[in-house]
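What follows is a single structure, written as C-alpha cells, with notes after it.
All of the numbers you see were taken from the coordinates with simple rules; none came from a lab. These numbers come from a predicted model, not from an experiment. Note that each Cβ is placed from the backbone with ideal geometry, even for glycine, and that neighbours are counted across all protein chains shown.
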Amino acid sequence: MKTVRKHATRGKTQPHRKMLPTVLLIHLGLVSALSISSPQQISNPNNNGSEASSFHSNSLLLHDPTPPPGFRVTPNWFPNTRLSTPQVWLWLFTFQSALAAHPARQPLPQSTVLSKPALNLVIQVTVSNPALTYGEVIWGLYEAGVATGSRQGRASSLVGEMPGLGLGLFIAQEPLRGYIKIGSLRTLRTLRGLDNLPGANTTAATARRAEEVRARRRRRSGALAVRDSGDARSREDRFLVVHYLFDGQELAPGRVLTAFLRTMVFCAEHEEEEGFGAGSMVAFSADGMVRLRMDGVGGAGLSWRMARLALRTMWVQVVMEFQGYSPESPRWEGFSFIVEYRGVRVGQGWIG
C-alpha cells in the first residue's frame, strides 16, 4: 500500500452542479479529421533536454493532487471472468473523464453504471456511504488502472485479456464508502437501465459482423495505415481539435494508461470553465517513468473543460484508435500535441 500524502484543499467553495444520472450516457465515435496541415513537433525534454527550458520557461507548474487523507482501496480479482483489456482500458478512462466534470468534493448522488452490452462489459460504482465523493471514485478508477496496468509489465504490447476486478473504497478505518466493479453482463445482469444505453440494441452477432467487415477491409489493403501525424476533433465539442505528432518512442501500455488517468485527478480539482491560464499540468504514470504534460497558451484561452475533452479525444482517437465498436490498433508511443479551439491555439503538450 502506498503512503498517502496530505493534500491541500482549495479555499473557494464549489458551486452545486447537475447530478449525474444512475446510468451514465457517453457517446463516442471517430470524427473525420480536419484538412489542416500537421503542426511542427513540440519539444519533448525526454528527446532533447536542451529544448525543455525554452518550451516551458513562462509556465507555472500546477501542484500534483493527492488522495483524500486516509484514502485506500482493497482490490479483488475475479479470475473466472475474462474481459478484453483494450475495451476495459478504453472505457475506464472514458468513464473517469465523465465523472471528472464534477467537483472532486461533491458527493456522488447515487450508484452509477457504464455499460456496453454488445461488448459484455460493465463498470459499476456502488455508493455504500452517502459521503462518497466524485474525487474518491476518480481516485478509485485511477487505482483500478494501476492494478490492471501492473499486470502488463513493461512490454510494449498489450495482453488481450484480463480478469474481472473489484475495488473497495475506504477512508482510514471507516466502513466501506463505495465499491467499483469491472465485470461482464453475466455477473451484473441484475442491474436496471441497461437497455437505455447507446449501443444497447446492438447484438453480439451484429458486432461480430461489423468486425468481420473491418477485418476484410484490412486484408484487402494489406495492413492498417500508420499515421504519424493527424487531427482529431472532439465528439463532444466540434470546435475543439487536437493536432498530434508521434515521435516513435515506444512506451509501456500501463504507463500510458496511468498517466492519462492521473490527468483526470487534476481536472476534478478545478471548475469546468475555470481558465487554465499559463499553467502547466504534469501527470506522471504510476511508476513515475512516463509524463503527460499540458500547457496553457494565450492566457485564459484554455479552460479545464477543454483540457478534459482534449485528453479524452487523444485517448479515444489517437492512442486507442477507437472506430465505433472496438479499439482498432492501440498505439503505445510518445507524441506531442496542440489543442485548438475555434481555430485558435489554446494548449500544447506531449507524453513520453
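With 0.36 nm allotted per residue and the present C-alpha distance subtracted, the Leu185-Arg238 stretch has 15.8 nm of extension available.
The label point for Ala131 and the one for Asn80, both projected 7 Å from the Cα toward the Cβ, are 3.5 nm apart. Label-to-label distance, Ala278 versus Ser329, with points set 7 angstrom from Cα along the beta-carbon direction: 4.3 nm. Rounded to the nearest whole Hz, the Karplus-based 3J(HN,Hα) values (6.51 cos²θ - 1.76 cosθ + 1.60, θ = phi - 60°) of region 283-293 follow the sequence 10, 8, 5, 4, 9, x, 8, 10, 10, 10, 10, with x at glycine and proline. Scanning residues 5 or more positions from Thr133 or on other chains, those with amide H under 5 Å from its amide H are Leu108, with H placed 1.01 Å from N in the peptide plane.
Would you work out if region 237-352 is rounded, prolate or oblate? Take a ≥ b ≥ c from the square roots of the eigenvalues of the alpha-carbon gyration tensor; rounded if a/c is under 1.5, else prolate when a/b is larger than b/c, oblate otherwise. The partial results should precede the final answer.
Numbers: a/c = 1.68, a/b = 1.34, b/c = 1.25.
Prolate shape, in that a/c is at least 1.5 and a/b is the bigger ratio.
Highest mean first, the peptides 126-133, 101-108, 344-351 sorted by other C-beta atoms within 10 Å per residue fall in the order 344-351, 101-108, 126-133.
Subtracting the Cα-Cα distance of Ser229 and Asp64 from their residue separation scaled by 0.36 nm leaves 56.4 nm.
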